[in-house]
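**Q** Sending over a structure as structure tokens; questions will come in a sec.
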Amino acid sequence: MKTYLVTGAAGFIGANFIKYLLKRYDNIRIVVLDALTYAGNLGTIADDIDNDRCIFVRGDIGDRSLADELFARYKFDYVVNFAAESHVDRSIENPQLFLQTNILGTQNLLDAARRSWVTGHDETGYPLWRNGVRFHQVSTDEVYGSLGAEGYFTEHTPLCPHSPYSASKTSADLFVMAYRDTYHMPVSITRCSNNYGPYHFPEKLIPLIIKNILEGKSLPVYGDGSNVRDWLYVEDHCKAIDLVISQGRAGEVYNVGGHNEKTNLEIVRLTIATIHRLMESHPEYRKVLKKQVITPDGDIDISWINDSLITFVKDRLGHDQRYAIDPTKIHNELGWVPETTFEVGIVKTIEWYLNHQDWVEEVTSGEYQKYYDRMYGNR
Ligand code: NAD
Ligand code: DAU
């Protein structure tokens with residue numbers, strides 16, 4: 001039986017990852033370590049925690065004694081490090097928190113793993129590692145910086161981050177590689193493009209747009225909306241990480257992305273059109289609308305769900321123009337292909353939000369409104 005330490009699994013991708021693992025494998029044990037910041041929500045994984053196959057520990061990845069205690073108690077085979085401050089706009093507001101969690105927190109986990117997993121040293125002084133262990137770092141395509149109209153990020157693209165968020169993720173990657181080179185630690189890194197899907201916190205573009213449409217609010221598009229992101233359904237990312245941990249070569253970086261580039265304006269327009277279409281074909285979904293206008297026929301009006309909701313707002317500082325992943329390596333070595341097309345994934349995602357408004361209310365009941373007002377004013 002393999003035991004995983006999965007950090008940050010009360011957040012978006014980590015939660016989807018443990019749900020995926022628990023469904024796929026019977027003979028595993030997962031320990032979740034999560035500080036439950038504004039982005040972490042225990043309710044998201046409450047049904048998965050059973051104190052047998054899946055154990056929850058609230059704590060900071062930067063806490064040395066807690067990390068040592070967990071490694072000693074559970075004898076982890078794998079560490080999968082999702083825990084991070086993940087939002088670019090917040091990193092522009094408060095960079096230091098990103099250094100603490102994303103860099104120092106990652107380095108703390110690397111050290112705890114080293115203290116626990118090293119079994120001795122070879123004649124040249126390099127550590128010997130317990131068989132089968134792996135430290136997996138969940139990284140991002142943002143470490144490569146920004147592309148022009150042409151080309152893709154490969155694993156050989158020079159690291160060139162621009163935001164405090166991406167600079168902190170790049171530093172973490174460099175530490176992971178430093179532990180590989182200095183201590184021969186068995187590590188791997190995945191660098192994925194933008195994810196979307198269930199449990200995505202509504203500060204990020206797609207869930208924010210869905211939430212605002214349902215509330216009849218305007219849809220803030222930064223700059224002229226021409227920035228391009230390469231969107232991947234979250235479950236395809238989870239499958240990629242699982243493959244890299246179990247079959248990927250130690251010491252390697254794998255880029256993950258589905259060749260699904262879209263401008264932000266396209267994403268917003270598609271989301272508007274999809275919600276409108278779903279509400280036309282399934283009138284019961286209209287009840288979810290917070291803005292209820294009744295037509296003379298007594299129906300809930302949806303004619304206002306159109307592109308006029310879009311508002312162009314001040315651009316993000318240092319806004320990267322385009323991200324696009326070349327996934328050839330993970331495809332050729334591990335046979336990974338994205339299985340969910342954007343057309344299918346966006347409908348699944350929107351339907352999930354329409355059916356889980358209680359989750360949206362739970363995660364946005366605290367600090368969220370203050371953040372929203374600070375970021376977007378009273379739009
Ligand atoms: P998220 O913000 O939804 O979740 C982050 C989780 O980490 C939360 O549960 C939070 O409570 C926890 N956390 C934060 N600080 C912590 C700390 N100090 N100790 C313990 N837990 C802490 O993030 P996400 O979107 O799920 O991203 C997960 C990882 O994937 C991040 O490392 C991110 O850089 C990376 N990533 C995200 C995307 C994306 O599109 N969202 C794409 C590529 C890579
Ligand atoms: O590329 C992977 C990265 O994707 C991850 O490493 C990050 O953790 C994740 O947050 C995401 O970063 P982005 O900055 O690309 O995602 P976000 O959803 O914040 O923004 C997507 C695009 O939409 C970006 O160009 C900014 C724009 N945007 C975003 C918001 C929140 C808007 O135009 N309006 C908005 O209100």
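The values are calculated or read from the model by the stated rules, or taken from the named source; none is laboratory data. Worth saying up front: this structure is predicted, and the values here are computed from it rather than measured. Neighbour counts are summed over all protein chains in view; Cβ atoms, including those assigned to glycine, are modelled from backbone coordinates with ideal geometry. Heads up: the accessible areas ignore ligands, DNA and RNA and are worked out on the full protein's heavy atoms, side chains in. Shrake-Rupley method; radii C 1.70, N 1.55, O 1.52, S 1.80 Å.
**Q** Helix 205-215 versus the longest principal axis of the chain: what angle, 0 to 90°, nearest 10, using Cα atoms?
**A** 30 degrees
**Q** Note down the nm distance, to one decimal, between modelled labels 7 Å out along Cα→Cβ at ALA72 and at MET1.
**A** Inter-label distance under the simple model: 2.2 nm.
**Q** I would also like to ask the following. Divide by every residue of the chain the summed helix terms, -39500 (n - 2.57) for each DSSP H run of at least 4, and state the resulting mean residue ellipticity at 222 nm, rounded to the nearest 500 deg cm²/dmol.
**A** Numbers: 14 runs with 150 residues, N = 379.
Here the helix-only value at 222 nm equals -12000 deg cm²/dmol.
**Q** Give the lysines whose C-alpha is closer than 20 Å to that of LYS348, dropping any in the same chain fewer than 8 places away, or say none.
**A** LYS19, LYS23, LYS204, LYS211, LYS239, LYS262, LYS287
**Q** To continue, here is another question. Roughly how many Å is it from the Cα centre of region 16-76 to that of region 164-233, as a whole number?
**A** 21 Å
**Q** How much length, in nm to one decimal, is gained on full extension between LYS291 and THR311, taken as 0.36 nm per residue of separation minus their Cα-Cα distance?
**A** Working: separation 20, 0.36 × 20 = 7.20 nm, distance 1.80 nm.
That pair, LYS291 and THR311, stretches by 5.4 nm at full extension.
**Q** Skip the ligands, DNA and RNA, and give the accessible area per residue of region 196-307 with a 1.4 Å probe, whole Å². It would help to have the intermediate numbers written out before the result.
**A** Working: 3960 Å² over 112 residues.
Per-residue accessible area for region 196-307 comes out at 35 Å².
**Q** Any idea how far the Cα center of region 246-285 sits from the one of region 106-126, in Å?
**A** Spelled out, the Cα-based centre of one part sits 39 Å from the other.
**Q** Put +1 on the Cβ of every Lys and Arg and -1 on every Asp and Glu Cβ in the chain; which of HIS184, ILE310, THR341 then has its Cα farthest towards the positive end of the dipole?
**A** HIS184
**Q** Something else: Please report the accessible area of ILE241 (heavy atoms, 1.4 Å probe, ligands and nucleic acids excluded) in Å², nearest 10.
**A** The accessible area of ILE241 comes to roughly 0 Å².
**Q** So, one more: Hey, can you rank 356-369, 170-183, 206-219 by average C-beta count inside 10 Å, highest first? All intermediate terms of the calculation are to be shown ahead of the outcome.
**A** Working: 356-369: 13.6, 170-183: 18.4, 206-219: 20.4.
In descending order of packing, they fall as 206-219, 170-183, 356-369.
**Q** Another one. Please report, in debye to the nearest 20, how large the charge dipole of the chain is about its Cα centre when each Lys and Arg carries +1 at its beta carbon and each Asp and Glu carries -1 there. If you can, show how the numbers build up before the last one.
**A** On the way: 39 positive and 51 negative charges, 83 e Å.
Dipole about the Cα centre, nearest 20: 400 debye.
**Q** Additional query: May I ask for the Kirkwood hydrodynamic radius of region 2-107, worked out over all distinct Cα pairs and given in angstroms to one decimal?
**A** Values: mean 1/r = 0.0714 Å⁻¹.
Value: 14.0 Å, from the Cα pair sum.
**Q** Shape verdict for region 222-301, please, from the Cα gyration tensor: rounded (a/c under 1.5), prolate (a/b greater than b/c) or oblate.
**A** Working: a/c = 4.64, a/b = 2.24, b/c = 2.07.
Because a/c hits 1.5 or more and a/b exceeds b/c, region 222-301 counts as prolate.
**Q** Below 8 Å, C-alpha to C-alpha, sequence gap of six or more: please give me the relative contact order for the chain in percent. Write out the running numbers ahead of the final one.
**A** Values: 670 pairs, mean separation 66.3, N = 379.
With pairs under 8 Å counted, the relative contact order is 17 percent.
**Q** Let me ask another. Rounded to the nearest 20 debye, what is the charge dipole size of region 84-149 about its Cα centre when +1 sits on each Lys and Arg Cβ and -1 on each Asp and Glu Cβ?
**A** Numbers: 5 positive and 8 negative charges, 65 e Å.
With Lys and Arg at +1 and Asp and Glu at -1, about 320 debye.
**Q** Could you list log10 I(q)/I(0) for the chain at q = 0.15 Å⁻¹, which the Debye formula gives when each Cα is one point scatterer?
**A** -1.41
**Q** GLN247 to THR182: FRET efficiency via 1/(1 + (r/R0)^6), r the Cβ-Cβ distance, R0 35 Å, to the nearest 0.05?
**A** Numbers: r = 25 Å, r/R0 = 0.72.
With a Förster radius of 35 Å, E is 0.85.
**Q** Pop out the carbon and sulfur fraction of the accessible area of region 302-344 as a percent, whole number, probe 1.4 Å.
**A** Values: 1260 of 2250 Å².
About 56 percent, which is the carbon plus sulfur part of the accessible surface.
**Q** Take GLU155, project a point 7 Å from its Cα along the Cβ direction, then tell me which residues of region 306-345 have their backbone nitrogen under 14 Å from it.
**A** Output list for this probe position: 326-336.
**Q** Which of PHE153, THR7, GLY298 sits farthest toward the positive end of the charge dipole of the chain, with +1 on the Cβ of Lys and Arg and -1 on the Cβ of Asp and Glu?
**A** My answer, from the dipole projection, is THR7.
**Q** Now for a different question. Mind ordering 60-72, 135-147 by average Cβ neighbours within 10 Å, highest first?
**A** Working: 60-72: 17.4, 135-147: 23.5.
Descending mean neighbour count gives 135-147, 60-72.
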